[in-house]
C-alpha cells in the first residue's frame, strides 16, 4: 500500500474545529476540536452516550455539524472529495454472508468507482493486509467472527484512505483475532495513514494509540499521550525491587535522586515512588552498585489510562 504516503496531506489529515451538534434539546457534541497528522493513531474514548458516535458521523460526513467545521485532507467533510479519502469501518459487520470474501470486496470496490485491473489490485491488496488471501474464495458465512471483522476492515481500505475511522473493530472477537487486528491497525499508522480508533477496551488504546482524546457529556475533557494524561493528574510510577545487602543504605541513596518522591523498605524489597520510572531505573541500579546491593528483581508499575479515565469521567469505559 505504498501509495498511501504519496497521497497523504502535508498538514493535518483531520482537522476538527469547534463542532457542535444537537438532537432536539439534547446537546450531543459540544465545541469539540482536535487534529490528527499523517501516521498517527488517535483514540477517541468515552462512556456510552458521551458523543463519540455523533463525532465520528460528522467526521465521515454522515451528519452535518450545527456549527464548527471538519476538514479531511483539506476538504470539507461530507463533500465527495472528502469521502473519497476516508475509510469507514463501522462497529457492525457491513458485508454480505452469501458472497465470498473476494466477491464482497469486489462489489464494494465498484461502489468506489473501481474497475478492471485497478479493482483486482486493490482487492488483492486489502486481502493481503487483512491476512485473508487464502480464504478469499470462501463465503463470508463460513468465516469466524474475527475473520469477518478483518474483512470488514479490508473493505475500508479499498479506496486507499488517508483517514481510516475504526469504530469498535474488535467487539466480540477471540483474543487471537483481537491480537491480529491490533497488529494490522498499528501497521496502518506506519504506512502513513491517520487513524481514528474508538474502543471499549482500555488495553487496546494503551497498545495502539499514539494519542487519546477523552470525550464526556459531549465535550473533549482531555487529550494527549498516555504519559501526558497521567502526568496531568500528578500520578506517579512505582518501582518494586527485590534485593539483598544493605538495602536501607540503598534506599537512602535512592531518596537523594532527582525524580524520587519516596522510598520504603520491607522484607528484602525497596518500593520507590517516582516520576517516569523507566527513565530513572538506570540511576536506581547504579545506586545499588555503589552501595553494594545485589538486585534480584525489578518491576516498574506505571499508572494506566483507566485511572485517568475514571478520574475525568467518574465511570469505567464500559459503562
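The values are calculated or read from the model by the stated rules, or taken from the named source; none is laboratory data. Computed from a predicted model, the values in this text were never measured in an experiment. Heads up, the Cβs are rebuilt from the backbone with ideal geometry, glycines too, and the neighbour counts pull from every protein chain shown.
Confirm whether residue 126 is out of contact with any helix residue (DSSP H, G or I) (no Cβ under 7 Å at 6 or more places or on another chain), surrounded by 14 or more Cβ atoms within 10 Å (Cβ to Cβ) and not in a strand (DSSP E or B).
no
One line per residue, one yes/no per condition, for (1) in the same structural domain as residue 43 (by TED's automatic domain parsing); (2) part of a strand (DSSP E or B); (3) closer than 30 Å to residue 211 by Cα; (4) modelled with pLDDT of 90 or more:
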position	(1), (2), (3), (4)
254	no, no, no, yes
261	no, yes, yes, no
283	no, no, yes, yes
297	no, yes, no, yes
310	no, no, yes, no
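If I go through segment 33-83 residue by residue, how many of them are in contact with a strand residue (DSSP E or B) (Cβ under 8 Å, 6 or more places away or on another chain) and in a strand (DSSP E or B)?
Residues flagged as in contact with a strand residue (DSSP E or B) (Cβ under 8 Å, 6 or more places away or on another chain) and in a strand (DSSP E or B) within segment 33-83 amount to 16.
Each row is one residue, and each column tells you yes or no for (1) in contact with a helix residue (DSSP H, G or I) (Cβ under 7 Å, 6 or more places away or on another chain); (2) surrounded by fewer than 23 Cβ atoms within 10 Å (Cβ to Cβ); (3) at pLDDT 95 or above.
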| site | (1), (2), (3) |
| --- | --- |
| 17 | no, yes, yes |
| 22 | no, yes, yes |
| 32 | yes, no, yes |
| 48 | no, yes, no |
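Which residue, of 16, 70, 29, 86, is closer than 14 Å to residue 165 by Cβ and in contact (Cβ under 8 Å) with a residue 60 or more places away in the chain?
Numbers: 16 fails: in contact (Cβ under 8 Å) with a residue 60 or more places away in the chain; 70 fails: in contact (Cβ under 8 Å) with a residue 60 or more places away in the chain; 29 fails: closer than 14 Å to residue 165 by Cβ.
Answer to the selection: 86.
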